[in-house]
Amino acid sequence: MVDRISERAKALWYVGPGRAEIRPEILADDIGRGEVRIEALYGGISRGTERLVFTGCVPASEYARMRAPFMAGEFPFPVKYGYATVGRIAAGRDALIGRTAFALYPHQTAFTLPADRIALLPADVPALRGVLAANMETALNALWDAAPGPADRIAVVGAGVVGCLCAWLAGKLPGAQVTLIDIDNSRAAVAASLGVEFAPPDAAPGECDLVIHASASAAGLATALQLAGNEATVLELSWYGAGEVAAPLGGAFHSRRLRLISSQVGQVAPSHRPRWSHHRRMEAALALLADPALDALLAPAVDFHDLPAALPKILTGPNSVLCQLIRYPAAPS
């Protein structure tokens, strides 16, 4: 199907340290046979990654690896960045029109991309919850890397979105004792919604079989190492950007023979890579979002056009927001 109507869209650009603006985007007149036009409904802000972009803290060595799909511009600034958009298919193959899809695409009101770069939402996953797809994909990959087992004692340090999703996934293991750990006591209510325990760092259970660290702080990493039992695994899921973090590898780190490993979503975990493509992993992540309990991670939406003024508080201010939703003009009122 070909759409000859010229459309104008708007996109969010990070233009300098702590500054963002909305810029016009001209969409191509034609939609090719293998393409779709998406009208954005909702988006999600990745507070950890986008904070680094917003503040100009992406290290030069990671400029190439940090490029998001369909990103425009060059690091450090200006860049059109983001990777969590759910929208309605407005044009393309007839069988797809009207379907709701997730796309790894920057924050933009409408866009065109190849049809094989979208993932259709299952019927039981609402558009709002669908914005968690990229975070769920990261958490799923992390659990594959960590390889927890039934009845394991598992601690997740850092109750951000990815940490919460890791705890939720681990809590599905038969007999697993899962504790979500954070310095913000308000996360206790979120943990309860996800069906796992909560503890502040000074009351967290020790002698864990697996510890997942997702707080992106030196103090959180120290806590994670302290909670690990003899010969246990500590999975580092945080990304620190250009920052340097001291890892306390003295004390009992060697005598307890701890195993510190990393996880990153850019590649499918080695344990699954021979059989799983990125597309299959994304489909699995979307299917996992059918649980209404995950709505506990969603913050009230901010209108797209209010983002430049709202982002400093969202990304750098002291708040307890988990997944900050974006509401686009095409979303239901």
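Coordinate-derived values only; no laboratory data. Keep in mind that what you see is a predicted model, and the values were worked out from it rather than measured. Cβ: placed from backbone, ideal geometry, glycine included. Neighbour counts: every protein chain shown.
Electrostatic tally near Val156: other residues with Cβ closer than 15 Å to its Cβ, Lys and Arg +1, Asp and Glu -1, net -4.
For region 154-230 and region 54-133, write down the distance between their C-alpha centroids in whole Å. One Cα centre to the other: 29 Å.
Cβ-Cβ distance of Asp295 and Arg8, R₀ of 30 Å, FRET efficiency by 1/(1 + (r/R0)^6): the value works out to about 0.35. Over all other residues within a Cβ to Cβ distance under 13 Å of Pro114, the charged ones net out to +2, with Lys and Arg as +1 and Asp and Glu as -1. Modelled spin-label separation between Leu120 and Ala192, with each label point placed 7 Å from Cα along the Cα-to-Cβ direction: 4.0 nm.
A Förster distance of 25 Å, applied to the separation of the beta-carbon atoms of Ala246 and Glu207, puts the FRET efficiency at 0.55. Ordered by the count of other Cβ atoms within 10 Å of each Cβ, fewest first, Ser255, Ser46, Ser217, Ser277 give Ser255, Ser277, Ser217, Ser46.
Over the C-alpha atoms of region 227-285, the Rg to Rh ratio, Rh being the Kirkwood estimate, stands at 1.09. Among Met136, Met282, a tally of other beta-carbon atoms within 10 Å of each Cβ gives an order, fewest to most, of Met282, Met136. To make sure I understand the rule: partners must be lysines, Cα under 21 Å from the Cα of Lys172, and not fewer than 8 residues away in the same chain. Which ones qualify? By straight Cα distance, Lys172 reaches no lysines at all. Sparsely packed loop sites in region 47-138 (the GluC sites (Glu not before Pro) outside DSSP H, G, I, E and B with at most 16 other Cβ atoms within 10 Å) comprise Glu74. Note on the chain: with charges restricted to the Cβ of Lys and Arg (+1) and Asp and Glu (-1), its dipole about the Cα centre is near 440 debye.
With contacts defined as alpha carbon pairs under 8 Å and 6 or more residues apart, what's the relative contact order of region 135-262 in percent? Once normalised by length, the contact order is 22 percent. Mind running the shape call on region 3-141? Use the C-alpha gyration tensor, a ≥ b ≥ c as the square roots of the eigenvalues: rounded below 1.5 for a/c, prolate if a/b tops b/c, oblate otherwise. It is oblate, given that a/c is not under 1.5 and a/b is not larger than b/c. Distance from a point 7 Å along Cα→Cβ of Trp239 to each backbone N in region 249-277: keep the residues under 11 Å and list them by number. Under 11 Å, as judged by backbone N against the label point of Trp239, lie 264-267 of region 249-277.
Can you give the net charge of the other residues whose Cβ lies under 15 Å from the Cβ of Met66, counting K and R as +1 and D and E as -1?
+1
Between Ala310, Leu210, Val58, the Cα set farthest toward the positive side of the dipole of the chain (charges on each charged residue's Cβ, about the Cα centre) is that of Val58.
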